[in-house]
Amino acid sequence: MSDSIHAQHRARFLDLLAERNAVAVIPTATTKTRNDDADYKFRPTSDFWYLTGLNEPGACLVLLPGEDGEPHRSVLFLRERDKLREIWDGRRLGLERAPEALGVDTAMDIEELWTELPKLLEGRERIMWRFGDDDVADRRMVETFTSLRNLARGPVEPAKELLDTGPVLHELRVIKSDAELELMRRAARLSAETHAALMRHVQPGMNECEAEAFLDHGYRSAGSSGAAYSHICAGGANACILHYIENDQPLKDGDLLLVDSGAEWHYYAADITRTFPVGGKFTAEQRALYQVVLDVEEAAIAVSGPNVPYDRIHEVALGVIVDGLLEHGLLKGTREEALESGSYREFFMHKTGHYLGLDVHDCGRYTTPGGASRPLEPGMVFTVEPGIYVDPENMEVEARWRGIGIRIEDDVLITEEGHEVLTGDVPKAIHEVEAMCAAATDAKG
């Protein structure tokens, strides 16, 4: 991947910082202990990756807009090369190679961050920093800000505000560039291919964990760093647990398997859900509710386009899903009564989607500054993911419906003309799903 994508992001962010007479300090993530002396695999914070393309711990980016006609500057603090530590812990980019490799102006030793930072920030009116990720670093930044405010003398302006980077940087991240969209399409294609292959693979008698392993293998063998989030491979009534991740139960003939999973490509995420019959055929009740969910998803996607208020997608989804629940006797009364009372939440308790990007639940506002639903814009990517979940312990419905959990989810890009479904290659029509699942059953036979 070209490093220019990160240079472009820095340039856009620096222009916005200049408008606000602000500088920004963006640290990456710290390593996290899994247990004892074993760490989780490192992943940079999404903001840091967006601006640098560096996937090492022990780094911090400082962005300094130009003053009095001077050019913008980017200063990257990172680890020095260390042959012994690299033998034990892995390669480091190092100070000498960083400017050319990443396109930053200056590279400095991360060990000097808190002594050099006050010099870089001196005389700046506003400092942007993301609080809440690292308590120790938060305290050091507050100390730095306080010292800059207290030490200002004569013509040197004191630091006046310590602001969150999110409201500015995260709005940049909402609208994806063409280069970002190519990465997201790659993540979507890989995820779609693996979902489709899984449908052809799953058979009765397997375990949920085998489906999880199949997904991991598909993503990693294609060059992805792995899953963008914990896989949900929920058989039978487990699908009624929205964030089920145990993935350790047997898959039985007659069960549905709900698979919510997406690959990560250069840290950009895909997010797909499909629900399919383990034995190759939907039961009558499964088929009925599946068709409702599919109708909901297709209606919600159909209304997606430029200038459509984001909430409109959920409003359309609610109308169609309530109609389906009423038709099959899971709800009583009228559509208006169900919508007003919220009785549908017994079966559909979440929103119809979320932004997607470097984070699975990506950043950005869903409302305008005035509080209205935000109009959709070209370059936005989000999920559409309606579902119906009938609690196996819900005694208010007929037994034949209990324990059915269904969700269908696709990734949608808003374009100038309308929308593009990035994950449309995964079958979801009932006849297509059954035909694909039958391949697994036939192979076993």
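Please identify the DSSP H helices in the chain that span no less than 30 Å along the helix axis (Cα) and have a mean Kyte-Doolittle hydropathy of -1.0 or more.
178-201
Within the chain, how many lysine pairs that are 8 or more places apart, or on different chains, have C-alpha atoms less than 19 Å apart?
Value for the chain: 6.
Apply the a/c threshold of 1.5 to the C-alpha gyration tensor of segment 217-336 and tell me whether it is rounded, prolate or oblate.
oblate
I'd like the distance separating the alpha-carbon centroids of segment 360-379 and segment 225-279, in whole Å.
Cα centroid to Cα centroid, the span is 28 Å.
With the dipole of segment 266-336 worked out from charges on the C-beta (+1 for Lys and Arg, -1 for Asp and Glu) around the Cα centre, which of 289, 324, 308 lies farthest toward the positive end?
Of the listed residues, the answer is 289.
Express the C-alpha Rg of the chain as a ratio against the empirical globular expectation 2.2 N^0.38 Å, rounded to two decimals.
In units of the 2.2 N^0.38 Å rule of thumb, it is 1.12.
Test of the criteria: in segment 358-445, which chymotrypsin sites (Phe, Trp or Tyr not before Pro) are in a DSSP loop and have at most 15 other Cβ atoms within 10 angstrom of their Cβ?
Sparse-neighbourhood loop chymotrypsin sites (Phe, Trp or Tyr not before Pro): 366.
Please report the spacing between the Cα centers of segment 118-194 and segment 1-31 in Å, no decimals.
8
What order do you get for 343, 261 when you list them from fewest to most C-beta neighbours inside 10 Å?
By the 10 Å Cβ count, ascending: 343, 261.
Report, in debye and to the nearest 20, how large the dipole of the chain comes out about its Cα centre when Lys and Arg carry +1 and Asp and Glu carry -1 on their Cβ.
480
Pick out, from 61, 95, 48, the residue whose Cα sits farthest towards the positive end of the charge dipole of segment 4-172, with +1 on the Cβ of Lys and Arg and -1 on the Cβ of Asp and Glu.
Of 61, 95, 48, it is 48.
Laboratory data are not the source of any read-out in this text; all were calculated from the coordinates shown. These numbers were taken from a predicted model, which means no experiment stands behind them. Neighbour counts run over all protein chains shown; Cβ positions are idealised from the backbone, glycine included.
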